[in-house]
Amino acid sequence: MLTAREALAQLQEGNRHFVAGYHDRSVHTDQARRRELVTGQEPLAIILGCSDSRVPAEHVFDQGLGDLFVIRVAGNVVAPSQIGSVEFAADRFGTRLVVVMGHTGCGAVEATIDELESAGRQYPNLRSIVDRIAPAVEGLMATELRNDRDALLRHAVRANIRASANLLRNGSPILEGLIRDDGLRVVGAEYSLETGEVEFFDGVTEASA
């Protein structure tokens, strides 16, 4: 079982490969690897990411079969099903790194801003996502950022990532116990659609300890 620090270093290295255009996917997806995983898995990290088709975690981190336990939902929001999925992987497989990964230009965050500005036209079920993002965005809209849409979106994306990471750290007795006693770490990261780079910016100090 990798420590959170070791897993984070592996993800950072994999992202450097992705950005540079260097990878050997056959190492991660060949028949031998598939057969090896039939009886079990030991993912090095749990990724709670956005459903956006441009942000596939396995590619972004240059990982393959069995390497990542990926949970994807629009806006990388945290609801009971996401918490349960993280609990399951952390407890069952011993994975010690959780990454909440949002991305630049997130449509779910933008939809939330639209809704808060009363310009949104939400599908009823999308409201359940918007309502989970809104608390992270409302405070920003009370500042001068409301006059700069691009800057507001950039800050809102990061605020939403931080909020989701904090909910995982503080919203589950199981995860709280693993953080306190067993080295589990939750970090927040942002993927750049423009460059392909992932910046880890929240909880990194704890994960690197």
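The values are calculated or read from the model by the stated rules, or taken from the named source; none is laboratory data. Worth saying up front: this structure is predicted, and the values here are computed from it rather than measured. Here Cβ is always computed from backbone atoms with ideal geometry, including for glycine, and neighbour counts include all displayed protein chains.
Give me the pairs: first residue in the range 118-146 and farther than 22 Å from ASN166 by Cβ and at pLDDT below 95, second residue among the β-branched types (Val, Ile, Thr) and surrounded by 10 or more Cβ atoms within 10 Å (Cβ to Cβ), beta-carbon distance under 7 Å, and six or more apart or on different chains, which are they?
Sorted first by the residue in the range 118-146, then by its partner, the pairs are GLN122/VAL130.
Restricting to the range 40-78, name every residue that is modelled with pLDDT under 95 and aliphatic (A, V, I, L, M).
LEU65
Output the qualifying pairs, or none if there are none: Cβ atoms under 8 angstrom, residues six or more apart or on different chains, first residue in the range 1-30 and more than 13 Å from ASP62 (Cβ to Cβ), second residue modelled with pLDDT of 95 or more and in a helix (DSSP H, G or I).
Listed by first residue and then by second, the contacts come to LEU2/GLN10.
Condition first: under 25 Å from ASP52 (Cβ atoms), of a type in the set (Ser, Thr, Tyr), under 15 Å from the mean Cα position of the chain (by Cα) and surrounded by fewer than 18 Cβ atoms within 10 Å (Cβ to Cβ). Can you find one or more residues in the range 164-183 that meet it?
Checked the range 164-183: no residue is under 25 Å from ASP52 (Cβ atoms), of a type in the set (Ser, Thr, Tyr), under 15 Å from the mean Cα position of the chain (by Cα) and surrounded by fewer than 18 Cβ atoms within 10 Å (Cβ to Cβ).
Taking the range 81-96, which residues are of a type outside the set (D, E, K, R) and touching a Ser or Thr at 6+ places or on another chain (Cβ under 8 Å)?
Once the filter is applied, which keeps residues that are of a type outside the set (D, E, K, R) and touching a Ser or Thr at 6+ places or on another chain (Cβ under 8 Å), the range 81-96 yields ILE83, VAL86, ALA89.
Within the range 72-112, can you find the residues that are buried (at least 22 other Cβ atoms within 10 Å of the Cβ) and outside any helix (DSSP H, G or I)?
Across the range 72-112, the qualifying residues are VAL77, VAL78, THR95, ARG96, LEU97, VAL98, VAL99, VAL100, MET101, GLY102, HIS103, CYS106.
For the range 113-209, please list each of the helices (runs of 4 or more DSSP H) lying entirely inside it that holds at least 1 residues being of a type in the set (Lys, Arg).
127-138, 149-170, 173-181
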